[in-house]
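Below: one structure, written as structure tokens.
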Amino acid sequence: MGYRILVVDDEENMRKLLHRVLTKESYEVRMAESGSEALRLLREEEFDLIISDLVMPVLSGMDLMREAKSRQTDVQFILITAHGTIGSAVEAMKAGAFDYLTKPVGKEEILRAVHKALQFGQLRQEVRKLRAELRTRQEFKEIVFASKEMESVLKLIDKIADSQATVLILGESGTGKELVARAIHEANRQRKGPFVAVDCSALPEHLLQSELFGHVKGAFTGAVKDNKGLFLAASGGTLFLDEIGNIAPPVQLNLLRVLQEREIKPVGSVQSMRVDVRVLAATNVDLERAMREGKFRRDLYYRLSVVAVQVPPLRARRADLAPLAYHFMNKYAAAYQKQLTDISPAALSAISEYPWPGNVRELENVIERAVLLSPGPHIEEPALAFSPSALTDAGDAAPSRETLRQMSREKEKEVLLAALRQAGGNRSQAAKQLGISRSSLYNKLKELDLREADGPARPIH
């Protein structure tokens with residue numbers, strides 16, 4: 001059965017009896033003649049069930065149970081004694097014992113209690129596992145992955161999510177840093193609070209100060225009323241500061257004070273206000289270099305990076321390419337009401353070989369365009385439009401402008417021909433599948449020197 005049972009009793013005959021009964025049922029049994037010896041075994045091994053005498057010298061069965069459960073939470077416990085009373089039975093059950101047996105105890109009674117205890121322990125483990133899996137699915141449901149690299153990221157998120165520690169999320173543009181931030185928020189006990197995100201690079205210094213910390217009426221020209229700011233707006237939840245590496249030095253100083261004091265002072269105000277908010281920050285800037293160049297405060301960096309989460313680029317987690325591609329195909333096929341069920345092997349191979357300098361964001365854009373251009377039922381390779389510069393950076397010879405134009409024409413030809421084949425040569429149906437008008441299809445056929453008959457379309461020779 002694979003279950004491991006520890007028998008603890010200072011009476012040798014009782015130990016031998018239990019060993020004989022349990023080993024006949026294929027349980028793996030270890031024995032200890034005292035509570036102290038049992039603790040030594042617990043430090044070295046793990047057990048599914050402990051059967052212990054209640055009354056023993058030095059360390060009683062009750063004390064052993066409390067110590068054992070502090071070490072191995074899931075271990076089940078059965079206490080046996082010749083001095084049973086209702087009071088001691090109640091006390092044992094309250095302390096965490098699964099069952100309480102009184103000597104003399106028969107073989108069937110022992111096996112019945114052991115079976116129930118082990119069954120209960122297994123059920124608890126399964127429930128705990130299912131809850132953990134459900135929690136992971138619920139909290140990380142927006143993150144599609146299959147790679148070990150992203151699995152490591154999510155394991156780190158799971159460990160830190162329920163704390164209030166400030167987290168710095170690092171990674172290239174387009175890797176999904178905001179998704180990681182949202183996952184941390186959703187796994188936190190304050191997930192019912194707001195998640196407020198701000199792009200720090202999108203606002204000039206004076207506006208960012210006002211947006212983050214608020215301002216009072218009349219603080220500057222145009223301040224016609226009070227603004228509470230995003231720190232207060234995120235109270236009881238999470239404030240996500242994206243592109244933190246681009247903020248100006250004065251904003252860095254004010255942010256440092258907020259993280260240190262947990263207080264904000266709105267622009268133009270003389271009063272400070274307490275804030276209860278978890279701060280997550282992200283950047284694609286090399287902050288180590290920025291600190292060396294004096295562009296980013298070292299003390300702020302240490303405040304922000306209590307925990308640092310590095311999101312790997314898509315090229316470093318290629319096992320995620322296919323799951324992400326299918327995820328985006330299904331997303332946009334539903335959005336544009338396209339009948340797409342698969343991605344062809346050639347298209348998947350092309351996706352796998354491309355370096356993806358724009359990471360997940362670029363993959364999503366490529367698949368969205370492919371969904372729009374694909375007549376179905378599959379996304380074919382010609383519908384994929386990759387960046388020529390990325391292919392050049394990956395080591396390909398730089399194509400000429402004329403070559404690129406020809407490549408584009410060939411891809412359009414293949415897409416149009418596939419649509420016409422799918423529609424049995426019917427122009428109206430092919431245009432509908434492509435999401436264009438019948439006249440646009442006709443003009444494109446003429447432009448590309450194509451014609452279609454009642455059957456599959458053929459190039460004009």
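Just so it is clear, none of the values below were taken in a lab; they were calculated from the coordinates. Keep in mind that this is a model prediction, so the values were computed, not measured. Counting neighbours? That spans all protein chains shown, and the Cβs are built from the backbone with ideal geometry, glycine included.
Remarks
- Over segment 4-130, equivalent-ellipsoid semi-axes from the Cα gyration tensor in Å: 19, 17, 16
- Candidate cross-link partners of Lys446 among the lysines, defined by an alpha-carbon separation under 25 Å and a same-chain spacing of 8 or more, comprise Lys411, Lys413, Lys432.
- Converting phi to 3J(HN,Hα) with the Karplus coefficients 6.51, -1.76 and 1.60 and the offset θ = phi - 60°, segment 372-378 yields 5, 8, 8, x, x, x, 10 Hz in sequence order, with x at every glycine or proline.
- Principal axes of segment 219-308: Cα extent on each, largest first, Å: 40, 30, 20
- As a length-normalised measure over Cα pairs under 8 Å and 6 or more apart, the relative contact order of the chain settles at 10 percent.
- Using every pair of distinct Cα positions in the chain, the Kirkwood expression returns a hydrodynamic radius of 28.4 angstrom.
- Across Lys16/Lys116; Lys69/Lys159; Lys177/Lys265; Lys148/Lys331, pairs whose alpha-carbon gap is larger than 27 Å: Lys177/Lys265
- Per-residue 3J(HN,Hα) values for segment 3-12, derived from phi via the Karplus relation 6.51 cos²θ - 1.76 cosθ + 1.60 with θ = phi - 60°, read 7, 10, 10, 10, 9, 10, 7, 7, 9, 4 Hz in sequence order (x marks Gly and Pro).
- Segment 189-225: trypsin sites (Lys or Arg not before Pro) in DSSP coil with no more than 12 other Cβ atoms inside 10 Å: Arg189, Lys192, Lys217, Lys225
- The chain - share of DSSP beta bridges that are antiparallel (%, nearest 5): 10 percent
- In segment 125-284, the alpha-carbon atoms span a convex hull of 119 Å³ per residue.
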